[in-house]
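> Let me begin by handing over the structure; questions about it come next.
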Amino acid sequence: MTSHTAPPPTPDRIAALAARFPNVAEAHVHTLADPPTLAAYLVPLDTLDTERLKTFMAESLPEHHMPDHFVQLEKLPLLENGAIHTAALPDPRTTATAKRDIRSLFDSEILAIWEDVLGRDDVGIDDDFFALGGDAEKAGRLCNSIRHRKGTSIDPDMIADHPTVAQLADYLLEVDPGPVIRPGMKRSEIRHARQSAAMGDHWHTATRPGPFDDATTVVTPNGTTLDTRKLFPLIQNGELEPVKTITLENFANESRGGLTDDEIFGGWCDYKPVVSVLRETPWGRVGAITLPRFDKQLFGDPEGLRQHVLEALHMARAAGADTVSLSGLMAVATDYGRLLEEAVAADPDLPRLAIAQDTEVAALYLGTAGLLARQDRDLAEETLGLLGLDPVGTATVGLLLAKQPHPKTLILCDPENRDLTGLQTHLDAVGYQGEVRRLTFKRGIPSAFYKATLMLATSDMKDILRIDKLKPGTLLVAESTRPCFKSEPALVRMEDEGDIQAMEGDILRLPKPSRLTRYLPIQLARMVRVFANITPNYPEALTGNQAGALLHHLAPGEAPLRGPVTIADAERRLAQMQALNITAAAPHLGGQPLEADLTQPMQRGSRTP
């Protein structure tokens with residue numbers, strides 16, 4: 001019997017693995033010669049902990065394939081054809097070893113000050129200031145430079161107490177985590193500086209005094225209540241009020257954040273469904289139950305999924321819910337609830353099972369229509385591109401064509417190369433007569449797709465859409481739970497170039513503010529540094545997934561969906577939303593609302609005809 005071993009990981013595969021880590025915008029792995037050694041070149045979005053990155057990569061990479069060097073760059077050098085200019089990459093072996101292991105952009109700033117004062121270019125973050133030629137006079141100059149560049153006053157004695165870059169950087173983050181803003185900085189650079197400063201604010205790691213040390217609940221700066229206690233027992237014992245309805249969710253693939261399954265599923269929910277969110281609305285309390293499964297784990301084990309969902313349904317009933325909504329991929333994985341019909345029919349006390357896709361479609365329609373209106377654009381003048389032939393994407397195109405003038409051209413691309421049956425049904429229903437171009441997805445999105453001037457991205461394949469290839473003037477609408485492009489490069493381009501508009505189109509606005517409570521177990525709470533960024537909550541905003549449970553609860557007489565959503569289903573949900581004054585929220589990207597000036601009409605001159 002012949003044994004087959006997996007091929008060794010190539011530099012490209014190693015780079016792709018590194019790029020999956022949070023705060024890595026781009027990654028390139030290059031083999032250096034004489035002697036052969038691997039170097040990883042990284043463009044960070046923000047502060048990047050290389051030790052945490054190595055731990056993350058070690059879960060999937062043999063030790064002998066781990067890069068020997070990790071180099072952080074502002075950007076990767078490129079040739080005119082867009083390829084990496086490998087000859088322009090710095091050789092980390094000719095640079096100080098510690099400098100290769102800079103932990104953050106903040107370290108880089110402090111290191112630059114040291115090098116200026118000491119007159120050297122070989123300083124490492126663990127080198128002793130005085131061993132490199134520093135003295136009392138230079139310590140004074142160092143303090144003056146830090147005060148000038150950082151706005152923080154320190155005494156020369158602090159240099160003696162913290163004689164390395166790493167020690168001094170940690171101390172400065174403790175005493176003054178304020179941003180470093182310099183004249184001439186780009187808007188995106190200013191935002192990065194502020195975010196980097198926030199990393200040293202009063203949200204702490206487990207190695208420092210943290211907000212949960214003396215409390216079980218903490219209210220974050222954005223208004224979210226984080227509770228380290230499990231919410232379901234609090235509802236059962238009457239400490240928290242019951243819910244009206246529940247949305248059933250799972251862990252998104254990108255939420256792993258370098259943690260293992262044991263840390264997430266074991267630490268978060270003991271490998272069982274868990275009540276993870278409670279939200280107050282004008283119509284009562286809405287909850288969410290999260291299953292211990294990532295997106296890809298919803299498929300391939302129907303019986304295991306069925307047992308998890310049934311367990312969640314019993315929890316929902318005990319929590320007071322009369323309706324449970326299946327959202328996103330959960331609806332597809334359960335065959336639109338058919339997987340559970342027999343069990344639900346055998347227990348009439350279980351909550352009614354609903355599908356939220358009609359609400360997701362209605363929300364995406366509102367977001368897309370709002371974007372066109374803000375940009376004073378007419379759908380009839382656009383080339384509409386759809387990335388993903390999934391039920392939500394195809395139905396959203398159908399609803400757009402049912403409500404808006406028809407574009408002359410529709411460009412389609414699906415990473416799973418699904419057939420056009422679902423979309424064609426919608427096109428026939430609205431009488432679409434324009435051109436339909438079907439592109440084949442092979443190793444990536446074909447360049448012809450980037451001719452679309454309005455893109456609707458609902459594919460669940462991560463980071464396949466390249467922001468740098470968008471034409472000036474492109475409008476991009478995505479589903480918040482399906483990040484098929486990186487939001488950070490899109491935001492940087494909007495901030496610094498102002499020639500595209502990108503947003504998550506399925507965020508809705510309630511007529512009144514709501515309060516949000518999230519369950520965050522203490523063992524994970526102490527692993528998270530910036531709580532404000534992990535729980536974006538704006539009192540009036542919620543996703544189409546979350547709204548679906550509420551709207552189905554408010555329409556108890558409706559027959560539940562038991563198949564892909566139709567245009568009629570979405571139109572009915574849209575009418576209900578309008579009657580309740582639920583509208584599209586202010587544009588969001590990366591889970592955060594965009595600043596108002598970023599959503600203003602682009603100059604017509606910036607758009608390529």
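The values are calculated or read from the model by the stated rules, or taken from the named source; none is laboratory data. Just so you know, these numbers come straight off a predicted model, no measurement behind them. Reconstructed Cβ throughout: ideal geometry from the backbone, glycine too, with neighbour counts over all protein chains shown. What goes into the accessible areas is simple: the full protein's heavy atoms, side chains included, and nothing from ligands, DNA or RNA. Shrake-Rupley method; radii C 1.70, N 1.55, O 1.52, S 1.80 Å.
> Near Ala373, within a Cβ-to-Cβ distance under 14 Å, what is the net charge of the other residues, with Lys and Arg +1 and Asp and Glu -1?
Neighbourhood net charge equals -1.
> What net charge do the residues around Lys451 carry, taking every other residue with its C-beta under 10 Å from that of Lys451, with Lys and Arg at +1 and Asp and Glu at -1?
That works out to +2.
> Excluding same-chain residues fewer than 8 positions from Lys451, which lysines have a Cα within less than 23 Å of its Cα?
Lys408, Lys442, Lys462, Lys469, Lys471, Lys486
> While we're on this one: Please list 283-293, 82-92, 22-32 highest first by mean number of surrounding beta-carbon atoms within 10 Å per residue.
Ranking, from highest mean packing down: 283-293, 22-32, 82-92.
> Treating segment 308-360 as a set of equal point scatterers at the Cα positions, no solvent, please give the Debye-formula log₁₀ I(q)/I(0) at q = 0.17, 0.21, 0.32 Å⁻¹.
-0.47, -0.72, -1.37
> Sticking with this one: Would you mind putting 405-418, 354-367 in packing order, based on average other-beta-carbon counts within 10 Å, highest first?
Ranked by mean Cβ neighbours within 10 Å, highest first: 354-367, 405-418.
> Carbon and sulfur: what percent of segment 443-492's accessible surface (1.4 Å probe)?
Carbon-and-sulfur percentage of accessible area, whole number: 54.
> Which order do the peptides 419-430, 486-497 take when ranked by the mean count of other beta-carbon atoms within 10 Å per residue, highest first?
486-497, 419-430
> Once the convex hull of the C-alpha atoms of segment 306-441 is built, how many Å³ does it hold per residue, rounded to a whole number?
130 Å³
> Can you list the lysines whose alpha carbon sits under 28 Å from that of Lys512, skipping same-chain ones fewer than 8 residues off?
Counting by Cα, and skipping residues close in sequence, Lys512 has these lysines nearby: Lys230, Lys244, Lys403.
> Put a dot 7 Å past each Cα toward the Cβ at Ala33 and Arg306; how far apart are the dots in nm?
The modelled label-to-label distance comes out at 6.1 nm.
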